[in-house]
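Peer 1: My questions will all concern the structure given below.
The values are calculated or read from the model by the stated rules, or taken from the named source; none is laboratory data. These figures come from a predicted structure and were not determined experimentally. Positions of Cβ are backbone-derived with ideal geometry, glycine not excepted, and every protein chain shown enters the neighbour counts. These accessible areas exclude ligands, DNA and RNA; they are computed on the full protein's heavy atoms, side chains included. Shrake-Rupley method; radii C 1.70, N 1.55, O 1.52, S 1.80 Å.
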Amino acid sequence: MRPHRRNHIASNPKCSANVPRVLIVDDEVSILRFLRSALDTGEFSLHLAENGHDALVAATAFRPDLILLDLGLTDFDGVEVIRKVREWSQVPIIVISVRDADDDKVAALDAGADDYLIKPFSVAELQARIRVSLRRSSHQASEPLFSSGGLEVDLSHRLVVVRGKEVQLTPTEYDLLRLLVNHAGKVLTHDQILRGIWGATFAEHQNVLRVNISNLRQKIEEDASRPKHIVTELGVGYRLKSE
């Protein structure tokens, strides 16, 4: 096993809720640089990881809309990364690997990968497969238009409007609001929200949830100290009020 290395390649700093987020995972610095250059067109927000551990951390913190994943990582195999991500997320995963044996393809796809691209590949083909995966994911998702008390959320266009003005949310804040919108009027427990947004490893970190709910309220509530949209159900969780 090769030694663990720290990720020292800068990610694309642009990170907006309106731009698809792509997590690139590969243990070869040259490949990461190539993929960053190929995809750094302004169409995506990019985050890079060089090993499985960093990939799983980024999958919860960066909240990607798509993952490009190499299988031969320094700490554990990419198939294991797929299995762990699939425990809590259905984010599209495209494997990019030199492994061309049928057994490797089957293992990755059975673990939950959506596509498998063999190195070397053309930039045009990679971009096309990314577009297809994002389009398929968008079509599969139920993306309603939510409106209540001056709050409007258009999930199809990743647009949040409060009292007629567009509001910019961080990726985590947007994912949290989207989860609440998809269950509007219903109580979501702390555990349900933590697992749905950050994964099973954060199930006991209610302080993380409280901080993010507070930040979200600051942006969408007229008075965050007396919220009218995101209601606290004491000892249980939170509920998004729906008119």
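Peer 1: Taking Arg226 as meeting all but one of (1) among the basic types (Lys, Arg); (2) in contact with a helix residue (DSSP H, G or I) (Cβ under 9 Å, 6 or more places away or on another chain); (3) without any contact (Cβ under 8 Å) to a residue 12 or more places away in the chain, write down the number of the exception.
Peer 2: Only one criterion is unmet by Arg226, namely (2).
Peer 1: Given (1) surrounded by fewer than 17 Cβ atoms within 10 Å (Cβ to Cβ); (2) at pLDDT 90 or above; (3) in a helix (DSSP H, G or I), identify the lone condition not met by Leu180.
Peer 2: Unmet for Leu180, out of (1) surrounded by fewer than 17 Cβ atoms within 10 Å (Cβ to Cβ); (2) at pLDDT 90 or above; (3) in a helix (DSSP H, G or I): (1).
Peer 1: Further question: Is it the case that region 183-201 has a residue that's of a type in the set (Asp, Glu), open to solvent by 20 Å² or more (accessible area, probe 1.4 Å) and within 22 Å of Val160 (Cα to Cα)?
Peer 2: Here is the first cut: in region 183-201, the residues of a type in the set (Asp, Glu) are 191.
Remaining after also requiring open to solvent by 20 Å² or more (accessible area, probe 1.4 Å): 191.
Cutting the leftovers down to within 22 Å of Val160 (Cα to Cα) gives us none.
No, there is no match, as no residue in region 183-201 is of a type in the set (Asp, Glu), open to solvent by 20 Å² or more (accessible area, probe 1.4 Å) and within 22 Å of Val160 (Cα to Cα).
Peer 1: Could you check region 198-231 and list, in sequence order, the residues that are polar (S, T, N, Q), modelled with pLDDT under 95 and either closer than 21 Å to Ser147 by Cα or in a loop (DSSP other than H, G, I, E, B) (or both)?
Peer 2: Ser225
Peer 1: Any residue that is in a loop (DSSP other than H, G, I, E, B) and modelled with pLDDT of 90 or more - is there at least one of those in region 10-25?
Peer 2: Pass one, region 10-25, residues in a loop (DSSP other than H, G, I, E, B): 10-20.
Next, from what is left, pick out any that are modelled with pLDDT of 90 or more: none.
Looking through region 10-25, none of the residues is in a loop (DSSP other than H, G, I, E, B) and modelled with pLDDT of 90 or more.
Peer 1: Are any of the residues in region 130-149 more than 20 Å from Asp65 (Cα to Cα), at pLDDT 90 or above and aliphatic (A, V, I, L, M)?
Peer 2: no
Peer 1: Residues that are open to solvent by less than 10 Å² (accessible area, probe 1.4 Å) and either over 30 Å from Val231 (Cβ atoms) or of a type in the set (Ser, Thr, Tyr) (or both): find the strands (runs of 3 or more DSSP E) completely inside region 44-150 holding 3 or more of those.
Peer 2: On the way: elements: 45-49, 66-69, 93-97, 115-118, 145-148.
Those strands (runs of 3 or more DSSP E) span 45-49, 66-69, 93-97.
Peer 1: Does Ala38 fit the bill of being within 23 Å of Arg178 (Cβ to Cβ), open to solvent by less than 30 Å² (accessible area, probe 1.4 Å) and in a helix (DSSP H, G or I)? Explain how you work it out, then say what you get.
Peer 2: On the way: within 23 Å of Arg178 (Cβ to Cβ): no; open to solvent by less than 30 Å² (accessible area, probe 1.4 Å): yes; in a helix (DSSP H, G or I): yes.
No; evaluated as a whole, the condition is false for this residue.
Peer 1: List every residue pair whose Cβ atoms lie under 7 Å apart, where the two residues are 6 or more positions apart in sequence or sit on different chains, the first residue falls within region 117-135 and is under 16 Å from Ile24 (Cβ atoms), and the second residue, located anywhere, is surrounded by 12 or more Cβ atoms within 10 Å (Cβ to Cβ) and hydroxyl-bearing (Ser, Thr, Tyr).
Peer 2: Lys119/Ser97
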